[in-house]
Each structure stands twice: as structure tokens, then as C-alpha cells.
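Peer 1: Supplied in C-alpha cells, the structure appears directly below.
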Amino acid sequence: MQRRTFLKGSLAGTTVAVAVGAGLLSPRAVLAAWPKSAFAAKTVQDALSAIYGSADTSPSNDIKIKAPDIAENGAVVPVTISTSIPGISDIAIIVEKNGLPLAANFKLSSSSKGFVATRIKMGKTSNVIAVVKAGGKSYSARKDVKVTIGGCGG
């Protein structure tokens with residue numbers, strides 16, 4: 001029984017080693033950059049400056065934010081961002097009144113559609129801001145989300 005386990009493990013390890021050597025498996029997709037200063041920023045402007053180098057954004061009606069008008073549990077608020085703006089490279093989700101406003105930052109490939117869905121944490125009623133970077137410009141949209149305390153309308 002131990003011999004079979006050893007042979008299976010050896011075969012699996014060899015297969016992975018050959019795949020890595022041939023370039024079929026690459027760790028570069030796993031080693032994503034994390035903008036620590038952006039996630040540690042205390043203001044919306046500081047977070048945008050850390051991500052994009054500038055806090056300037058243009059309002060856009062082409063960005064759609066799907067989030068509940070009233071979130072009964074601020075710890076898990078579902079948010080979906082979609083846009084038809086061409087050439088998207090980034091989508092960021094910012095919660096204006098959170099202690100650390102940057103909730104999510106997505107880097108997209110040039111062939112990706114402008115769509116992300118996630119769950120964010122909100123400490124209190126606030127604007128959820130979607131920032132889309134496309135063609136070297138930043139566009140934004142806002143939606144007010146009310147957070148109730150314990151689902152009782154507080």
C-alpha cells in the first residue's frame with residue numbers, strides 16, 4: 001500500500017515539474033500586485049490617488065451600480081458594477097464613509113467585459129462609488145446605500 005502511494009505521489013510531482021519546466025504552469029498569475037497604500041488610505045481622494053495617480057474622475061451614466069437600496073446586514077452587501085465603456089483596464093469600488101474607503105480594486109485584461117460582482121462591508125449608510133478606468137481616463141458613478149442596524153431600520 002505504501003509503495004502505491006509513493007508511486008502516485010512521484011508521478012504527480014513529476015508531471016507538475018514537467019508542466020512548470022515547459023511553461024504550461026506559471027506562478028505569475030498567482031503573484032498579483034496588491035496596492036497596500038490604496039487599501040490603507042483614509043479618504044476617497046487618497047485611495048484614488050494611490051491607485052490611479054490622480055483623484056480626478058468624470059461622472060458617467062454608462063456605469064451601472066446594482067446594490068440594495070437598504071442593506072440589512074452591512075457586513076455582506078452585494079454589489080455589481082457593469083459598464084459599456086470600451087477599453088476598460090480597472091474597476092474600483094469605494095465606500096465613502098468607511099474608515100478605509102477602498103473596498104475592492106479589479107485589474108481587467110483588454111479583452112474583458114466591464115462587469116464585476118462582489119460583496120463588500122459597509123460600516124454605515126454611505127455612497128458606494130464605482131470608478132472605472134478606461135483609455136487613460138477615470139469615470140465614476142455613485143449610489144446611496146442605507147445600512148440598517150440588525151435589519152430594524154436603525
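Peer 1: Modelled label-to-label distance, Thr5 and Lys113, 7 Å Cα→beta-carbon offset: nm?
Peer 2: Between Thr5 and Lys113, the label points sit 4.7 nm apart.
Peer 1: OK, next. Can you tell me, using C-alpha contacts under 8 Å and at least 6 residues apart, the relative contact order of region 36-154 as a whole percent?
Peer 2: Answer for region 36-154 is 31 percent.
Peer 1: Using a cut-off of 10 Å between beta-carbons, work out the net charge of the residues near Thr83 (Lys and Arg +1, Asp and Glu -1, Thr83 not included).
Peer 2: Residues near Thr83 contribute +1 overall.
Peer 1: Counting other beta carbons within 10 Å of each Cβ, put Arg3, Arg119, Arg142 in order, fewest first.
Peer 2: Fewest-to-most ranking of Arg3, Arg119, Arg142: Arg3, Arg119, Arg142.
Peer 1: Let me ask something additional. Express in nm, to one decimal, how much length is gained between Leu100 and Ile85 on full extension, taking 0.36 nm for each residue of separation and deducting their alpha carbon distance.
Peer 2: The Leu100-Ile85 span can extend by a further 2.7 nm.
Peer 1: Cross-link candidates for Lys64: which lysines have Cα within less than 28 Å, leaving aside residues fewer than 8 places away along the same chain?
Peer 2: Excluding near neighbours in sequence, the set is Lys36, Lys42, Lys97, Lys107, Lys113, Lys121, Lys124, Lys133, Lys137, Lys143, Lys146.
Peer 1: In degrees from 0 to 90, rounded to the nearest 10, what is the angle of the helix 2-22 Cα long axis to the longest principal axis of the chain?
Peer 2: Result, in degrees: 60.
Peer 1: Another question, then. What length, rounded to one decimal in nm, is gained on full extension from Thr14 through to Lys42, with 0.36 nm per residue of separation minus their alpha-carbon distance?
Peer 2: Taking Thr14 through Lys42 to full extension adds about 5.3 nm, to one decimal.
Peer 1: On a C-alpha basis, how far is the centre of region 33-65 from the centre of region 87-154 in Å? Whole number, if you could?
Peer 2: When both Cα centres are located, 10 Å separates them.
Peer 1: So I have (i) 1.03; (ii) 1.39; (iii) 0.97, and one of them is Cα Rg over 2.2 N^0.38 Å calculated from this model. Which one is it?
Peer 2: Derived directly from the coordinates: (ii).
Just so you know, all these numbers are worked out from the coordinates, no wet-lab data involved. From a predicted model like this one, the values you see are computed outputs, not experimental measurements. As a convention, Cβ positions derive from the backbone with ideal geometry for all residues, glycine included, and neighbour counts pool all protein chains shown.
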